[in-house]
Amino acid sequence: MRVTAEQRFAVRLELNGRTREGLAEPRTQLCDFLRHDLGATGVHVGCEHGVCGACTVLVDGVAMRSCLMLAVQAHERRIETVESLADDDTLSDLQQAFRRNHALQCGFCTAGILMSCVDFLERQPDPSEAEVRDMLSGHLCRCTGYTGIVQAVLEVAAQRQTNEEV
Amino acid sequence: MKPAAFDYVRAESRRQVLELLAEYGQEARIIAGGQSLMAVLNMRLAQPKLLIDINQVDELAYIELRKDCLAVGAAVRQAQLLARPTLADEVPLLALAMPWIGHFQTRNRGTVCGSVAHADPSAELPLSLVTLGGEIVLESIKGKRVIKAAEFFQGILTTDKRADELVVEVRFPLKREGIIYRFQEIAMRHGDFAIVSLAACIGLDEVRLGVGGVADRPVMCSLPRGAALPDALNETAWSLDAQDDVHASAAYRRQLVRELGHRLIEGV
Ligand SMILES: Cc1cc2nc3c(=O)[nH]c(=O)nc-3n(C[C@@H](O)[C@H](O)[C@H](O)COP(=O)(O)OP(=O)(O)OC[C@H]3O[C@@H](n4cnc5c(N)ncnc54)[C@H](O)[C@@H]3O)c2cc1C
Ligand code: FES
Ligand code: FES
(Lines give C-alpha, C1' and ligand atoms only; values in the text may rest on other atoms or scores of the structure.)
(Ligands and ions follow the chains in the order given, each with its own letter.)
Protein backbone atom coordinates (compact mmCIF):
# COMPACT_ATOMS: atom_id res chain seq x y z
CA MET A 1 0.00 0.00 0.00
CA ARG A 2 1.42 3.34 -1.07
CA VAL A 3 -0.17 6.75 -0.54
CA THR A 4 1.50 9.92 -1.77
CA ALA A 5 1.45 13.12 0.26
CA GLU A 6 -1.26 14.68 -1.92
CA GLN A 7 -3.53 11.63 -1.96
CA ARG A 8 -6.39 10.75 0.36
CA PHE A 9 -6.59 7.10 1.33
CA ALA A 10 -9.93 5.44 2.10
CA VAL A 11 -9.29 4.13 5.61
CA ARG A 12 -11.73 1.38 6.53
CA LEU A 13 -11.85 0.18 10.10
CA GLU A 14 -14.14 -1.26 12.70
CA LEU A 15 -15.05 1.47 15.21
CA ASN A 16 -16.88 0.28 18.31
CA GLY A 17 -18.34 -2.69 16.47
CA ARG A 18 -19.36 -0.92 13.25
CA THR A 19 -17.50 -0.75 9.98
CA ARG A 20 -16.63 2.86 9.18
CA GLU A 21 -14.75 4.53 6.39
CA GLY A 22 -13.20 7.93 5.86
CA LEU A 23 -10.56 9.67 3.77
CA ALA A 24 -7.20 10.45 5.34
CA GLU A 25 -3.94 12.00 4.22
CA PRO A 26 -0.85 9.97 5.16
CA ARG A 27 0.04 12.55 7.81
CA THR A 28 -3.36 12.52 9.56
CA GLN A 29 -3.02 11.31 13.13
CA LEU A 30 -5.42 8.57 14.20
CA CYS A 31 -6.83 10.73 17.02
CA ASP A 32 -7.82 13.51 14.60
CA PHE A 33 -9.31 11.03 12.14
CA LEU A 34 -11.44 9.44 14.86
CA ARG A 35 -12.64 12.82 16.12
CA HIS A 36 -13.06 14.88 12.97
CA ASP A 37 -13.92 12.28 10.36
CA LEU A 38 -15.70 9.57 12.33
CA GLY A 39 -17.19 11.74 15.08
CA ALA A 40 -15.68 9.84 18.02
CA THR A 41 -15.12 13.00 20.03
CA GLY A 42 -14.70 10.98 23.22
CA VAL A 43 -11.09 10.66 22.09
CA HIS A 44 -9.39 13.60 23.76
CA VAL A 45 -6.23 15.21 22.48
CA GLY A 46 -3.93 16.82 25.01
CA CYS A 47 -0.24 16.90 24.25
CA GLU A 48 0.12 15.21 20.85
CA HIS A 49 3.42 13.68 21.84
CA GLY A 50 2.49 10.62 23.83
CA VAL A 51 2.87 12.00 27.33
CA CYS A 52 -0.61 12.73 28.69
CA GLY A 53 -2.53 9.60 27.65
CA ALA A 54 -5.82 11.42 27.00
CA CYS A 55 -5.98 10.01 23.46
CA THR A 56 -5.59 6.34 24.49
CA VAL A 57 -7.80 3.95 22.51
CA LEU A 58 -7.84 0.19 21.97
CA VAL A 59 -6.33 -1.05 18.72
CA ASP A 60 -7.24 -4.71 18.25
CA GLY A 61 -7.97 -4.78 21.97
CA VAL A 62 -4.64 -3.24 23.06
CA ALA A 63 -4.33 0.20 24.71
CA MET A 64 -2.29 2.64 22.61
CA ARG A 65 -1.80 6.37 22.04
CA SER A 66 -3.89 7.47 19.06
CA CYS A 67 -1.79 10.66 18.71
CA LEU A 68 1.25 8.47 17.99
CA MET A 69 -0.46 6.52 15.24
CA LEU A 70 -1.42 7.53 11.73
CA ALA A 71 -4.95 7.02 10.50
CA VAL A 72 -3.59 4.96 7.58
CA GLN A 73 -2.01 2.58 10.08
CA ALA A 74 -5.46 1.83 11.49
CA HIS A 75 -6.73 0.60 8.12
CA GLU A 76 -8.43 -2.79 8.59
CA ARG A 77 -7.96 -2.67 12.39
CA ARG A 78 -10.48 -2.84 15.21
CA ILE A 79 -10.66 0.40 17.20
CA GLU A 80 -12.52 0.93 20.46
CA THR A 81 -13.04 4.31 22.08
CA VAL A 82 -14.79 5.41 25.25
CA GLU A 83 -18.06 5.49 23.28
CA SER A 84 -17.99 1.68 23.28
CA LEU A 85 -18.24 1.31 27.04
CA ALA A 86 -21.79 2.24 28.01
CA ASP A 87 -24.71 0.09 26.95
CA ASP A 88 -27.16 2.76 25.77
CA ASP A 89 -27.90 4.66 28.98
CA THR A 90 -26.31 2.16 31.35
CA LEU A 91 -22.74 2.98 32.24
CA SER A 92 -20.25 0.12 32.35
CA ASP A 93 -19.10 -1.16 35.75
CA LEU A 94 -15.85 0.73 35.33
CA GLN A 95 -17.61 4.00 34.52
CA GLN A 96 -19.96 3.58 37.47
CA ALA A 97 -17.03 2.96 39.79
CA PHE A 98 -15.31 6.11 38.52
CA ARG A 99 -18.45 8.05 39.30
CA ARG A 100 -18.87 6.57 42.79
CA ASN A 101 -15.23 7.18 43.74
CA HIS A 102 -14.93 10.73 42.38
CA ALA A 103 -12.34 9.43 39.97
CA LEU A 104 -12.98 12.35 37.65
CA GLN A 105 -13.59 16.04 37.91
CA CYS A 106 -13.25 17.84 34.56
CA GLY A 107 -13.12 14.46 32.76
CA PHE A 108 -10.55 15.44 30.17
CA CYS A 109 -8.21 12.59 31.10
CA THR A 110 -10.96 10.08 31.85
CA ALA A 111 -11.72 8.67 28.41
CA GLY A 112 -8.10 7.64 27.92
CA ILE A 113 -7.75 6.23 31.41
CA LEU A 114 -10.90 4.14 31.02
CA MET A 115 -9.57 2.60 27.81
CA SER A 116 -6.25 1.75 29.45
CA CYS A 117 -8.15 0.16 32.33
CA VAL A 118 -10.18 -2.04 29.97
CA ASP A 119 -7.01 -3.58 28.51
CA PHE A 120 -5.18 -3.64 31.85
CA LEU A 121 -7.96 -5.48 33.73
CA GLU A 122 -8.21 -8.07 30.96
CA ARG A 123 -4.58 -8.94 31.53
CA GLN A 124 -4.46 -8.33 35.29
CA PRO A 125 -7.87 -9.25 36.68
CA ASP A 126 -6.59 -9.04 40.26
CA PRO A 127 -4.05 -6.19 40.37
CA SER A 128 -2.26 -4.75 43.39
CA GLU A 129 -2.43 -1.04 44.12
CA ALA A 130 1.17 -0.71 42.96
CA GLU A 131 0.29 -2.31 39.63
CA VAL A 132 -2.66 0.02 39.14
CA ARG A 133 -0.45 3.02 39.88
CA ASP A 134 2.15 1.72 37.45
CA MET A 135 -0.49 1.48 34.71
CA LEU A 136 -1.73 4.99 35.60
CA SER A 137 1.78 6.41 35.25
CA GLY A 138 0.94 6.52 31.55
CA HIS A 139 -1.75 9.14 32.17
CA LEU A 140 -1.80 12.67 33.48
CA CYS A 141 -4.75 13.89 35.54
CA ARG A 142 -4.59 17.47 36.73
CA CYS A 143 -7.73 17.31 38.89
CA THR A 144 -8.11 14.23 41.03
CA GLY A 145 -4.73 13.38 42.52
CA TYR A 146 -5.29 9.79 41.29
CA THR A 147 -6.50 8.39 44.63
CA GLY A 148 -10.11 8.05 43.49
CA ILE A 149 -9.02 6.50 40.21
CA VAL A 150 -6.93 3.86 42.00
CA GLN A 151 -9.86 3.08 44.28
CA ALA A 152 -12.28 2.78 41.37
CA VAL A 153 -10.05 0.36 39.48
CA LEU A 154 -9.42 -1.81 42.55
CA GLU A 155 -13.13 -1.81 43.35
CA VAL A 156 -14.11 -2.99 39.87
CA ALA A 157 -11.45 -5.70 39.96
CA ALA A 158 -12.74 -6.96 43.31
CA GLN A 159 -16.34 -6.77 42.11
CA ARG A 160 -15.59 -8.77 38.99
CA GLN A 161 -13.73 -11.40 41.01
CA THR A 162 -16.74 -11.85 43.30
CA ASN A 163 -19.14 -12.00 40.37
CA GLU A 164 -17.04 -14.73 38.87
CA GLU A 165 -17.10 -16.79 42.03
CA VAL A 166 -20.90 -16.91 42.26
CA MET B 1 1.09 20.26 16.16
CA LYS B 2 0.66 18.28 13.00
CA PRO B 3 3.28 16.56 10.84
CA ALA B 4 4.37 18.05 7.53
CA ALA B 5 3.18 16.08 4.51
CA PHE B 6 4.96 12.87 3.49
CA ASP B 7 4.44 9.85 1.26
CA TYR B 8 3.58 6.66 3.09
CA VAL B 9 4.34 3.03 2.26
CA ARG B 10 3.07 0.13 4.26
CA ALA B 11 5.86 -2.33 3.48
CA GLU B 12 5.02 -5.98 2.87
CA SER B 13 8.51 -7.47 3.05
CA ARG B 14 12.04 -6.86 4.28
CA ARG B 15 13.21 -6.74 0.70
CA GLN B 16 10.78 -3.92 -0.10
CA VAL B 17 11.98 -1.92 2.91
CA LEU B 18 15.61 -2.28 1.82
CA GLU B 19 14.83 -1.26 -1.76
CA LEU B 20 12.98 1.85 -0.61
CA LEU B 21 15.83 2.76 1.76
CA ALA B 22 18.31 2.34 -1.12
CA GLU B 23 16.22 4.60 -3.34
CA TYR B 24 15.40 7.36 -0.84
CA GLY B 25 18.29 7.24 1.69
CA GLN B 26 18.26 10.34 3.92
CA GLU B 27 14.83 11.36 2.65
CA ALA B 28 13.12 8.29 4.07
CA ARG B 29 12.35 7.32 7.65
CA ILE B 30 11.37 3.95 9.03
CA ILE B 31 8.35 4.03 11.29
CA ALA B 32 8.26 1.15 13.76
CA GLY B 33 6.27 1.74 16.96
CA GLY B 34 6.22 5.49 16.33
CA GLN B 35 6.51 6.14 20.08
CA SER B 36 9.50 8.41 19.49
CA LEU B 37 9.18 9.23 15.81
CA MET B 38 5.56 10.42 15.85
CA ALA B 39 6.34 13.08 18.46
CA VAL B 40 9.29 14.20 16.34
CA LEU B 41 7.03 14.39 13.26
CA ASN B 42 4.20 16.13 15.14
CA MET B 43 6.65 18.80 16.29
CA ARG B 44 8.16 18.96 12.79
CA LEU B 45 11.63 18.30 14.10
CA ALA B 46 11.90 15.91 11.17
CA GLN B 47 10.21 16.26 7.80
CA PRO B 48 10.91 13.10 5.82
CA LYS B 49 9.73 12.75 2.25
CA LEU B 50 8.76 9.13 2.73
CA LEU B 51 7.67 7.12 5.74
CA ILE B 52 8.28 3.36 5.49
CA ASP B 53 5.98 1.47 7.85
CA ILE B 54 7.46 -1.87 8.97
CA ASN B 55 4.62 -2.82 11.33
CA GLN B 56 3.12 -5.31 8.87
CA VAL B 57 6.35 -7.02 7.85
CA ASP B 58 5.65 -10.38 9.44
CA GLU B 59 9.06 -11.86 8.63
CA LEU B 60 10.56 -9.31 11.07
CA ALA B 61 8.21 -10.23 13.93
CA TYR B 62 10.29 -13.02 15.47
CA ILE B 63 11.89 -13.73 18.82
CA GLU B 64 14.38 -16.59 18.47
CA LEU B 65 16.30 -18.43 21.15
CA ARG B 66 19.69 -19.32 19.66
CA LYS B 67 22.74 -21.10 21.09
CA ASP B 68 24.24 -17.97 22.64
CA CYS B 69 21.65 -15.22 22.29
CA LEU B 70 18.05 -14.18 22.20
CA ALA B 71 17.47 -12.61 18.79
CA VAL B 72 14.68 -10.06 18.40
CA GLY B 73 13.43 -8.94 14.97
CA ALA B 74 12.52 -5.37 14.01
CA ALA B 75 8.75 -5.75 14.24
CA VAL B 76 8.68 -7.12 17.80
CA ARG B 77 6.99 -4.85 20.33
CA GLN B 78 8.44 -4.22 23.76
CA ALA B 79 5.31 -5.62 25.44
CA GLN B 80 5.65 -8.82 23.42
CA LEU B 81 9.22 -9.46 24.57
CA LEU B 82 8.42 -8.53 28.16
CA ALA B 83 5.49 -10.97 28.20
CA ARG B 84 7.71 -13.88 27.12
CA PRO B 85 7.33 -16.37 29.98
CA THR B 86 10.95 -17.57 29.78
CA LEU B 87 12.55 -14.12 29.53
CA ALA B 88 13.81 -14.03 33.13
CA ASP B 89 15.65 -17.34 32.59
CA GLU B 90 17.06 -16.40 29.20
CA VAL B 91 18.09 -12.75 29.64
CA PRO B 92 17.39 -11.80 33.28
CA LEU B 93 18.60 -8.23 32.81
CA LEU B 94 15.86 -7.56 30.25
CA ALA B 95 13.16 -8.80 32.60
CA LEU B 96 14.46 -6.31 35.18
CA ALA B 97 15.06 -3.34 32.88
CA MET B 98 12.11 -3.43 30.48
CA PRO B 99 9.34 -2.51 32.94
CA TRP B 100 11.14 0.85 33.23
CA ILE B 101 10.64 1.69 29.54
CA GLY B 102 7.94 4.33 29.36
CA HIS B 103 4.52 2.99 30.26
CA PHE B 104 2.28 -0.01 29.67
CA GLN B 105 0.57 1.97 26.88
CA THR B 106 3.80 2.93 25.06
CA ARG B 107 5.34 -0.55 25.42
CA ASN B 108 2.23 -1.94 23.72
CA ARG B 109 3.33 -0.28 20.49
CA GLY B 110 7.02 0.65 20.80
CA THR B 111 9.45 -1.87 19.35
CA VAL B 112 12.70 -3.27 20.74
CA CYS B 113 14.76 -2.47 17.65
CA GLY B 114 13.15 0.99 17.37
CA SER B 115 14.47 1.92 20.78
CA VAL B 116 17.94 0.72 19.79
CA ALA B 117 17.82 2.61 16.47
CA HIS B 118 16.60 5.76 18.23
CA ALA B 119 19.59 5.67 20.65
CA ASP B 120 18.37 7.90 23.44
CA PRO B 121 21.24 8.10 25.97
CA SER B 122 18.91 7.25 28.85
CA ALA B 123 16.97 4.45 27.16
CA GLU B 124 16.92 1.08 28.93
CA LEU B 125 17.28 -1.26 25.94
CA PRO B 126 20.46 0.30 24.51
CA LEU B 127 21.89 0.25 28.06
CA SER B 128 21.04 -3.42 28.52
CA LEU B 129 22.50 -4.28 25.13
CA VAL B 130 25.78 -2.46 25.85
CA THR B 131 26.09 -3.90 29.36
CA LEU B 132 25.58 -7.47 28.15
CA GLY B 133 27.88 -7.02 25.14
CA GLY B 134 25.10 -7.62 22.63
CA GLU B 135 25.04 -7.13 18.87
CA ILE B 136 23.01 -5.29 16.28
CA VAL B 137 22.35 -6.64 12.80
CA LEU B 138 22.14 -3.99 10.09
CA GLU B 139 21.05 -4.69 6.55
CA SER B 140 20.96 -2.73 3.32
CA ILE B 141 20.39 -3.81 -0.24
CA LYS B 142 24.16 -4.42 -0.46
CA GLY B 143 24.22 -6.89 2.41
CA LYS B 144 24.31 -7.48 6.14
CA ARG B 145 26.73 -6.48 8.86
CA VAL B 146 26.84 -7.31 12.54
CA ILE B 147 28.14 -4.70 14.96
CA LYS B 148 28.89 -4.72 18.70
CA ALA B 149 26.56 -2.55 20.77
CA ALA B 150 29.50 -0.57 22.22
CA GLU B 151 30.49 0.53 18.70
CA PHE B 152 26.96 1.11 17.46
CA PHE B 153 26.00 3.90 19.88
CA GLN B 154 27.96 7.03 19.04
CA GLY B 155 26.18 9.91 20.75
CA ILE B 156 22.80 11.46 21.46
CA LEU B 157 20.38 9.90 18.94
CA THR B 158 23.43 9.04 16.85
CA THR B 159 24.50 5.58 15.76
CA ASP B 160 26.71 3.83 13.24
CA LYS B 161 23.63 3.00 11.14
CA ARG B 162 23.80 4.38 7.61
CA ALA B 163 20.81 6.03 5.97
CA ASP B 164 20.13 3.04 3.71
CA GLU B 165 20.31 0.49 6.52
CA LEU B 166 17.59 -1.20 8.53
CA VAL B 167 18.14 -2.52 12.04
CA VAL B 168 16.83 -6.00 11.27
CA GLU B 169 17.66 -7.68 14.56
CA VAL B 170 19.24 -7.15 17.97
CA ARG B 171 20.93 -9.99 19.86
CA PHE B 172 20.96 -10.19 23.63
CA PRO B 173 23.55 -12.60 25.10
CA LEU B 174 22.00 -15.31 27.28
CA LYS B 175 22.32 -15.58 31.04
CA ARG B 176 25.67 -16.81 32.32
CA GLU B 177 25.98 -19.09 35.32
CA GLY B 178 27.35 -17.48 38.47
CA ILE B 179 26.45 -13.96 37.40
CA ILE B 180 23.89 -11.88 39.28
CA TYR B 181 21.95 -9.34 37.23
CA ARG B 182 20.59 -6.13 38.69
CA PHE B 183 18.96 -2.95 37.41
CA GLN B 184 18.11 0.35 39.05
CA GLU B 185 16.94 3.70 37.84
CA ILE B 186 16.15 7.17 39.14
CA ALA B 187 13.62 9.26 37.20
CA MET B 188 11.23 12.07 38.10
CA ARG B 189 8.32 9.62 37.93
CA HIS B 190 8.26 5.96 36.99
CA GLY B 191 8.22 5.78 33.19
CA ASP B 192 9.93 9.10 32.62
CA PHE B 193 13.32 9.08 30.99
CA ALA B 194 16.07 8.13 33.43
CA ILE B 195 18.22 10.72 35.18
CA VAL B 196 20.58 7.84 35.85
CA SER B 197 20.01 4.17 35.10
CA LEU B 198 22.38 1.39 36.08
CA ALA B 199 22.59 -2.18 34.85
CA ALA B 200 25.00 -4.61 36.49
CA CYS B 201 26.34 -8.09 35.77
CA ILE B 202 27.94 -9.07 39.04
CA GLY B 203 30.51 -11.86 39.27
CA LEU B 204 32.59 -12.96 42.25
CA ASP B 205 35.54 -10.61 41.72
CA GLU B 206 34.44 -8.46 38.86
CA VAL B 207 31.45 -6.41 37.80
CA ARG B 208 30.29 -5.05 34.48
CA LEU B 209 28.40 -1.87 35.21
CA GLY B 210 26.41 -0.11 32.50
CA VAL B 211 25.50 3.54 33.05
CA GLY B 212 22.68 5.28 31.17
CA GLY B 213 21.45 8.88 31.27
CA VAL B 214 24.82 10.44 32.12
CA ALA B 215 27.14 10.34 29.09
CA ASP B 216 25.89 10.98 25.55
CA ARG B 217 25.45 7.22 25.13
CA PRO B 218 25.19 4.14 27.36
CA VAL B 219 28.63 3.22 28.71
CA MET B 220 29.88 -0.09 30.15
CA CYS B 221 32.84 -0.30 32.49
CA SER B 222 34.52 -3.17 34.35
CA LEU B 223 34.89 -2.61 38.07
CA PRO B 224 36.55 -4.53 40.89
CA ARG B 225 34.62 -5.72 43.91
CA GLY B 226 35.39 -5.14 47.57
CA ALA B 227 37.56 -2.36 49.00
CA ALA B 228 38.61 -0.98 45.62
CA LEU B 229 35.03 -0.47 44.43
CA PRO B 230 34.27 3.03 45.82
CA ASP B 231 37.34 4.58 44.19
CA ALA B 232 36.63 2.83 40.92
CA LEU B 233 33.02 4.07 40.99
CA ASN B 234 34.20 7.61 41.66
CA GLU B 235 36.53 7.44 38.69
CA THR B 236 33.71 6.11 36.52
CA ALA B 237 31.40 8.90 37.68
CA TRP B 238 33.92 11.55 36.66
CA SER B 239 34.80 9.86 33.36
CA LEU B 240 31.26 10.18 31.96
CA ASP B 241 31.29 13.95 31.40
CA ALA B 242 27.94 14.46 33.15
CA GLN B 243 25.95 17.54 32.15
CA ASP B 244 23.53 19.81 34.00
CA ASP B 245 20.03 19.86 32.59
CA VAL B 246 16.49 20.72 33.74
CA HIS B 247 16.11 17.36 35.47
CA ALA B 248 19.32 17.17 37.49
CA SER B 249 22.76 18.68 37.98
CA ALA B 250 25.94 17.00 36.84
CA ALA B 251 27.06 16.67 40.47
CA TYR B 252 23.83 14.85 41.38
CA ARG B 253 24.30 12.47 38.48
CA ARG B 254 27.87 11.68 39.61
CA GLN B 255 26.63 11.13 43.14
CA LEU B 256 23.97 8.72 41.87
CA VAL B 257 26.55 6.73 39.95
CA ARG B 258 28.72 6.41 43.09
CA GLU B 259 25.98 5.78 45.63
CA LEU B 260 23.45 3.82 43.61
CA GLY B 261 26.28 1.90 41.94
CA HIS B 262 27.65 0.83 45.30
CA ARG B 263 24.25 -0.25 46.60
CA LEU B 264 23.44 -2.10 43.42
CA ILE B 265 26.71 -4.01 43.36
CA GLU B 266 27.17 -4.75 47.04
CA GLY B 267 23.45 -5.24 47.60
CA VAL B 268 23.25 -2.98 50.65
C1 LIG C 1 5.43 9.00 27.21
C2 LIG C 1 6.62 8.24 26.70
C3 LIG C 1 7.59 7.80 27.59
C4 LIG C 1 8.70 7.11 27.15
N5 LIG C 1 9.61 6.68 28.06
C6 LIG C 1 10.66 5.95 27.65
C7 LIG C 1 11.61 5.45 28.59
O8 LIG C 1 11.50 5.65 29.80
N9 LIG C 1 12.65 4.73 28.11
C10 LIG C 1 12.82 4.47 26.77
O11 LIG C 1 13.77 3.82 26.40
N12 LIG C 1 11.94 4.92 25.87
C13 LIG C 1 10.88 5.65 26.27
N14 LIG C 1 10.00 6.12 25.34
C15 LIG C 1 10.26 5.85 23.89
C16 LIG C 1 9.90 4.43 23.52
O17 LIG C 1 8.56 4.22 23.88
C18 LIG C 1 10.00 4.12 22.02
O19 LIG C 1 9.34 2.92 21.84
C20 LIG C 1 11.36 3.96 21.45
O21 LIG C 1 12.19 5.04 21.77
C22 LIG C 1 11.33 3.91 19.92
O23 LIG C 1 10.77 2.72 19.47
P24 LIG C 1 9.63 2.74 18.38
O25 LIG C 1 9.44 1.34 17.91
O26 LIG C 1 8.47 3.43 18.90
O27 LIG C 1 10.36 3.51 17.19
P28 LIG C 1 9.91 4.78 16.24
O29 LIG C 1 9.39 5.84 17.09
O30 LIG C 1 9.02 4.21 15.19
O31 LIG C 1 11.30 5.12 15.63
C32 LIG C 1 12.31 5.79 16.36
C33 LIG C 1 13.49 6.10 15.43
O34 LIG C 1 14.17 4.90 15.07
C35 LIG C 1 14.10 4.66 13.66
N36 LIG C 1 13.84 3.22 13.53
C37 LIG C 1 12.87 2.51 14.18
N38 LIG C 1 12.99 1.20 13.89
C39 LIG C 1 14.03 1.08 13.05
C40 LIG C 1 14.66 -0.03 12.40
N41 LIG C 1 14.24 -1.29 12.59
N42 LIG C 1 15.74 0.20 11.60
C43 LIG C 1 16.18 1.47 11.42
N44 LIG C 1 15.65 2.55 12.00
C45 LIG C 1 14.58 2.37 12.80
C46 LIG C 1 13.00 5.55 13.16
O47 LIG C 1 13.21 5.93 11.82
C48 LIG C 1 13.08 6.73 14.10
O49 LIG C 1 14.10 7.61 13.70
C50 LIG C 1 8.86 6.84 25.76
C51 LIG C 1 7.89 7.26 24.85
C52 LIG C 1 6.77 7.95 25.30
C53 LIG C 1 5.73 8.40 24.32
S1 FES D 1 -2.61 13.49 23.21
FE2 FES D 1 -1.85 11.51 22.94
S3 FES D 1 -0.76 11.17 24.74
FE4 FES D 1 -1.33 13.25 24.94
S1 FES E 1 -10.38 14.77 35.77
FE2 FES E 1 -9.56 16.64 35.06
S3 FES E 1 -7.65 15.98 34.24
FE4 FES E 1 -8.36 14.20 35.19
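The values are calculated or read from the model by the stated rules, or taken from the named source; none is laboratory data. Quantities reported herein were computed from a predicted structural model and do not represent experimental measurements. Glycine also receives a Cβ, built like all others from the backbone with ideal geometry; neighbour counts cover every protein chain displayed. What goes into the accessible areas is simple: the full protein's heavy atoms, side chains included, and nothing from ligands, DNA or RNA. Shrake-Rupley method; radii C 1.70, N 1.55, O 1.52, S 1.80 Å.
Each part reduced to its alpha carbon centroid, the range B:204-247 and the range B:185-203 end up 13 Å apart. Helix-only arithmetic for chain A: the sum of -39500 (n - 2.57) across DSSP H runs with n ≥ 4, divided by the residue total, places the mean residue ellipticity at 222 nm at -9000 deg cm²/dmol. Association of chains A and B removes close to 3000 square angstrom of accessible area from solvent, both sides included, for a probe radius of 1.4 Å.
Suppose the chain between B:Ala250 and B:Ala22 were pulled fully straight at 0.36 nm per residue; how much longer would it get relative to their current alpha carbon spacing? Could you put the intermediate results ahead of the total?
Details: separation 228, 0.36 × 228 = 82.08 nm, distance 4.14 nm.
Once the chain is fully extended between B:Ala250 and B:Ala22, it gains 77.9 nm.
Expressed as a whole percent, the accessible surface of the range B:58-173 that belongs to carbon and sulfur atoms is 52, based on a 1.4 Å probe. Counting only DSSP beta bridges whose two residues both lie in the range B:2-129, roughly 35 percent are antiparallel. Evaluated over the Cα positions of the protein assembly as shown, the convex hull gives a direction-averaged projected area, one quarter of its surface, of 22.2 nm².
For chain B, a Gaussian network of Cα nodes joined below 10 Å ranks B:His118, B:His190, B:His247 by mean-square fluctuation, and the top entry is B:His247. Computed with a 1.4 Å probe over protein heavy atoms only, the accessible surface of chain B comes to 42 Å² per residue. Taking label points 7 Å from Cα along the Cα-to-Cβ direction, B:Glu259 and B:Gln243 give a separation of 2.4 nm.
Using only alpha carbon pairs under 8 Å that are at least six residues apart, calculate the relative contact order of chain A and give it in whole percent. Don't skip to the end; give the middle numbers.
Values: 290 pairs, mean separation 36.2, N = 166.
Taking the mean separation of contacting Cα pairs over the length of chain A, I get 22 percent.
At what distance in angstrom do the alpha carbon centres of the range B:53-95 and the range A:1-60 lie from each other? Spelled out, the Cα-based centre of one part sits 29 Å from the other.
Ordering B:48-56, B:238-246, B:194-202 by mean Cβ neighbour count within 10 Å, with the highest value first, yields B:194-202, B:48-56, B:238-246. Averaged over the residues of A:133-141, the number of partner chain Cβ atoms lying within 10 Å of the residue Cβ comes to 4.
Accessible surface area normalised per residue over the range A:93-165 is 50 Å², counting heavy atoms of protein chains with a 1.4 Å rolling probe. Among the helices of chain A, those built from whole DSSP H runs whose Cα atoms reach 18 Å or more along their own axis and whose mean Kyte-Doolittle hydropathy is at least 0.5 are A:110-123. Using DSSP, restrict attention to beta bridges with both residues in chain A and report what percent are antiparallel, rounded to the nearest 5. Bridges in chain A are about 90 percent antiparallel. Working ranking of peptides A:108-119, A:145-156 by packing, defined as the average number of other Cβ atoms within 10 Å per residue, highest first, is A:108-119, A:145-156.
Note down the relative contact order for the range A:9-83 as a percent, whole number, built from C-alpha pairs under 8 angstrom at least six residues apart. Can you show the working numbers first?
Numbers: 155 pairs, mean separation 29.5, N = 75.
Relative contact order comes out at 39 percent.
Per residue, what volume in Å³ does the convex hull of the Cα atoms of the range B:95-208 enclose? Walk me through the numbers before you get to the answer.
On the way: hull volume 12.7 nm³, N = 114.
Convex hull volume per residue, Cα atoms: 111 Å³.
For chain A, which whole-number percentage of the solvent-accessible area (1.4 Å probe, protein heavy atoms only) is attributable to carbon and sulfur atoms? It would help to have the intermediate numbers written out before the result.
Values: 3430 of 7630 Å².
Accessible surface attributable to carbon and sulfur in chain A totals 45 percent.
A protection proxy built from the mean count of other Cβ atoms within 10 Å ranks the segments B:224-230, A:93-99, most packed first, as A:93-99, B:224-230.
Comparing mean-square fluctuations of B:Arg44, B:Arg77, B:Arg14 from a GNM of chain B with C-alpha springs under 10 Å, the top value falls on B:Arg44.
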